[in-house]
1. Would you kindly derive the ³J(HN,Hα) couplings of the stretch 224-229 from the backbone phi angles with the Karplus curve 6.51 cos²θ - 1.76 cosθ + 1.60 (θ = phi - 60°), listing them in order in whole Hz, with x for Gly and Pro?
2. If amide H atoms are built 1.01 Å from N in the plane of the peptide, which residues on other chains or at least 5 residues away come under 5 Å of the amide H of Glu107?
3. Using amide H atoms built 1.01 Å from N in the peptide plane, name the residues 5+ places from Asp238, or on other chains, whose amide H lies under 5 Å from its own.
4. Between Ala256 and Lys382, how many nm apart are label points set 7 Å from Cα along the C-beta direction?
5. For Lys226 and Glu282, FRET efficiency with R0 = 41 Å and r from the beta-carbon atoms, rounded to 0.05?
6. Per 0.36 nm of contour for each residue apart, how much would the distance between Arg344 and Ser153 grow if the chain were fully extended, relative to their Cα-Cα spacing?
7. Search the structure for amide H atoms under 5 Å from the amide H of Gly184, placed 1.01 Å from N in the peptide plane, and list their residues when 5 or more places away or on another chain.
8. Please work out how much length the chain gains when fully extended from Lys330 to Asn295, using 0.36 nm per residue of separation minus the C-alpha to C-alpha distance, in nm with one decimal.
Amino acid sequence: MASSHHTSGLPSNSSMSSATSVRSRHKKDPHAATTTQKSFCFLSLMILVLVFTWAARPELIGYTKSEGGTIMTKIEDVVTVPLGPKAVTIHGMEHYYLIPKRPEGLEGLLIYFHSCNRSGSSFFQYPEERIIAYGALQRGLAVFAPTSKDRESGCWTKNDLPTIQDIVEEWAYNQDLTELPRMGMGDSSGASYLFFVFKTLKLKSMAVYNTHQIYLQEDMKKKTGKAIPTVFVSMKEDEVLSKRMSKNHEQLSSAAIPTKQFHISPHPFSSTLCFSRFPELENDDCEKLYIAMKNELPSLLDRRSFVKQTLTPEEWNVFFGKIEDLLDYKSAASYYKKDKAHPRDKPQAWINEGIQQEVKACQGFHSLSSEHHSYILDFLIKEARSKQNLRGDKKKSNDDV
């Protein structure tokens, strides 16, 4: 399925209907060649200026590099407020989901497993997660995010194994989505958990973030193995885990199983990035936040706004106490849905937690990042549909949706 990149809340491109008349004027203009040469020289000069600007102040231009270092992409490529998921209680826990309305039918089902200290609603509400969720919905995927039983740690444990299949199957049956090809995605604890449930949940492809876990050897045998196409995503500053995930990627590749790997590099935390990740804040709140970080947390950001070191929870609490009256928390907090599985003491807790997560993502150390999400989602859909067709499963027709 061909998929374009979507941006929420931004105006569409202007019409290009005047292009023909512009070309006609160029044909009649005897000085057209000279004008074109001047334009080319000016464009070349502007490109050089941008290159030097990026080298000196990368925080002014949202950027990041692909794994191979050959593709430059804006990190502010998608802007979306919290998505407001629906909640359903199954086996005594609240789980969360959204299903896009598409006349042409759905492409599949994405099942997301959260990290520790999270719940299913996190995928739709935290800045990095909700960008991925939005991308999945735009591609025609129903998104289901179950919640782990252990609410003290928030992690996935063996206690979840007996019920997770029932939870997914009951929800899919009630939504009439049992025939859709299934994809998995998980971060940290949730990513590790996927390797133990991918067969039970009948997943056709999956993406794992920040986990050392790998398939059992029998699952990676070329003819009889059950391993599925997998994307491995790690953070470059988390060197030990990143090396382990590279090895896991190589193992899967040597078993002739489709696989991709992405390393997330550090990038600056700027007011521009803040606004692209927190559009629910007022226009000048991100600038206030950025200045406060520079003044109150001198050890956090270097002169180019890259993250130098992490802060302890206590240090973050002190900082947020100082800026409590600085930001317009009240209007921003109204975008967030209440979460019974992971309740917050104050409305601004969602935003404060999101800011901490965003700083970790900028640092490039053990955090979920939406970087490369377009490529990852497209890979999951392509491989899931391929395996669905190979096994003779039938996708729902448009009339059934």
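Just so you know, all these numbers are worked out from the coordinates, no wet-lab data involved. Remember, predicted model here, so these are calculated numbers, not experimental data. A quick note on method: Cβ atoms are made from the backbone with ideal geometry, for glycine too, and the neighbour counts reach across all protein chains shown.
1. For the stretch 224-229, the Karplus curve yields 10, x, 10, 4, 10, x Hz.
2. For Glu107, whose amide H was placed from the backbone, the distant partners under 5 Å are Leu141, Ala142.
3. Residues meeting the criterion, in which the H sits 1.01 Å from N, are His366.
4. Spacing of the two 7 Å Cα→Cβ label points: 2.0 nm.
5. On the way: r = 51 Å, r/R0 = 1.23.
Step by step, r from the Cβ atoms, then E = 0.20.
6. Numbers: separation 191, 0.36 × 191 = 68.76 nm, distance 1.48 nm.
Extra length from Arg344 to Ser153 when fully extended: 67.3 nm.
7. Under 5 Å from the amide H of Gly184: Ile111, Lys204, Ser205, Met206, Ala207.
8. Details: separation 35, 0.36 × 35 = 12.60 nm, distance 2.40 nm.
Value of the extension gain: 10.2 nm.
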